[in-house]
Amino acid sequence: CGGGGGGAHRGSAGGDARCAAYGGEHPMRSAQDTRQAASEIVADLRRILAARGRSIRIMEVCGTHTHEIFRLGIRKLLSPYMELVSGPGCPVCVTPVAFIDEALWLAQERGVTVCTFGDLLRVPGSSETLSDARARGADVRVVYSPYDAYEYAAANKDKEVAFLAVGFETTTPGACIAVAAAASASLTNFSLLTANKTMPQAYEAMRGSCDAFLYPGHVHAVSGTAVCEDLARHGMSGVVAGFTAAELITALAFIVKKTQEGKPYFVNCYPRIVRPEGSPNGRAIVERIMEPCDSQWRGLGIIAQSGMKLKKPFIDFDSRVKYSMPLIEGKENHSCRCGDVLQGKCMPTECPVFGKGCTPEHPVGACMVSGEGTCAAFYRYGGI
Ligand code: SF4
């Protein structure tokens with residue numbers, strides 16, 4: 001990485017493969033160089049962290065970061081000096097039980113073809129999963145994008161089709177593009193069941209839960225970095241991180257370096273993808289089709305203005321309105337501690353059913369289902 005910090009509240013780590021957090025003394029040109037530099041940086045970090053006398057608590061907001069940090073062995077390397085806890089950044093994990101129940105209602109009570117990303121199939125609702133319902137004849141289809149669902153609806157006008165729109169700033173533009181296409185084609189058999197969420201309000205809800213956030217790179221590739229800079233001005237530190245070993249170690253190195261300086265900070269350690277302005281096009285399509293609303297997060301309850309719903313001109317594409325859906329309140333499984341895991345309040349291994357009643361084959365909670373889920377990562381890699 002390169003570039004380096006530009007003050008207490010801002011900075012950037014550039015793509016010239018030098019770690020500016022350590023004075024640019026670790027060139028990362030080849031895989032061998034990268035490994036060598038990484039081990040030197042890790043050794044430095046361990047020394048600094050050990051001398052500090054207290055661990056640094058970092059929240060990996062994004063489930064992909066959680067998995068990559070486990071997979072690369074970084075977690076073990078920096079333990080016990082660096083405490084890595086998970087946050088509410090896995091879209092499937094934060095989708096509430098009631099949303100699954102709503103999708104089941106559409107499929108079973110209204111005969112709607114439900115199109116969904118595969119991860120949601122096995123997320124438990126109050127009494128069953130979409131996969132269970134499909135086995136009993138409900139029309140539940142896995143798609144790879146909202147646009148696939150739109151195309152399926154366009155090609156099958158005798159069917160009512162609903163797409164389960166979950167996710168954050170990264171995936172919401174795709175759902176909006178599908179609605180825009182359906183609107184311009186005057187398609188009347190396509191709708192969205194929305195549970196789209198936005199991260200800034202979740203960061204605020206996590207205030208005080210960590211020393212620094214490892215912000216999700218893909219989210220800020222769309223939303224830009226103004227929100228992170230603003231959070232730093234209000235005392236919440238963090239770095240935007242990429243997903244390779246070098247990018248993750250660079251981001252962690254910046255956290256260590258900036259923590260030593262003792263002032264709130266923000267550093268963009270993923271500048272090859274994340275620009276300060278984000279993706280204006282991505283945001284423009286969302287602003288045209290959707291608007292903020294209160295949203296329920298699994299285990300966290302309702303966070304004001306943290307969700308997105310369709311604007312009035314597109315309300316005919318809202319599944320809840322289109323099918324006059326009654327209020328559906330899901331029943332959480334009280335033995336599942338996903339809510340605490342998603343706030344960094346407990347480790348998955350502290351959940352009484354982790355690895356016993358709850359495994360990836362038989363998940364009790366969403367955090368064990370998703371490929372980005374923290375419990376799945378702990379189960380797969382043997383959590384510490
Ligand atoms: Fe929920 Fe299973 Fe994780 Fe426990 S181990 S918190 S039941 S997903």
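The values are calculated or read from the model by the stated rules, or taken from the named source; none is laboratory data. A quick note: this is a predicted structure, and the numbers were derived from the prediction, not measured. We place every Cβ from the backbone using ideal geometry, glycine too, and count neighbours over all the protein chains shown. These accessible areas exclude ligands, DNA and RNA; they are computed on the full protein's heavy atoms, side chains included. Shrake-Rupley method; radii C 1.70, N 1.55, O 1.52, S 1.80 Å.
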Checklist entry - Can you find a residue in region 313-320 that is surrounded by 15 or more Cβ atoms within 10 Å (Cβ to Cβ), aromatic (Phe, Trp, Tyr) and within 14 Å of the ligand (Cβ to nearest atom)? => result no
Checklist entry - Here are some residues: Gln296, Gln343. Which one is more than 7 Å from the ligand (Cβ to nearest atom), open to solvent by less than 40 Å² (accessible area, probe 1.4 Å) and within 17 Å of the chain's Cα centre (by Cα)? => result Gln343
Checklist outcome for this item: Note on region 48-89: residues among the aromatic types (Phe, Trp, Tyr) and modelled with pLDDT of 90 or more are none
Next on the checklist: Step by step: first the residues of region 180-214, then only those that are out of contact with any strand residue (DSSP E or B) (no Cβ under 7 Å at 6 or more places or on another chain) and part of a loop (DSSP other than H, G, I, E, B), then the one that is least open to solvent (accessible area, probe 1.4 Å). Which residue is that?
Outcome noted: Leu187
Next on the checklist: Just to be sure before I move on: is Val286 of a type in the set (A, V, I, L, M), part of a helix (DSSP H, G or I) and closer than 30 Å to Cys338 by Cβ in the structure I sent?
Outcome noted: yes
Checklist entry - If you scan region 356-384, which residues turn out to be open to solvent by less than 40 Å² (accessible area, probe 1.4 Å), near the ligand (Cβ under 10 Å from one of its atoms) and not hydrophobic (A, V, I, L, M, F, W, C)? => result Thr359, Pro360, Pro363, Gly365, Ser370, Gly373, Thr374
Checklist outcome for this item: If we ask which residues in region 68-86 are of a type outside the set (Gly, Ala, Ser) and outside any helix (DSSP H, G or I), their number turns out to be 7
Item to check | Count of region 323-338 residues which are within 11 Å of the ligand (Cβ to nearest atom) and either open to solvent by 40 Å² or more (accessible area, probe 1.4 Å) or modelled with pLDDT under 90 (or both) | outcome: 5
Checklist entry - Of the conditions (1) within 7 Å of the ligand (Cβ to nearest atom); (2) without any contact (Cβ under 8 Å) to a residue 40 or more places away in the chain; (3) not basic (Lys, Arg), Thr349 fails just one. Which one is it? => result (1)
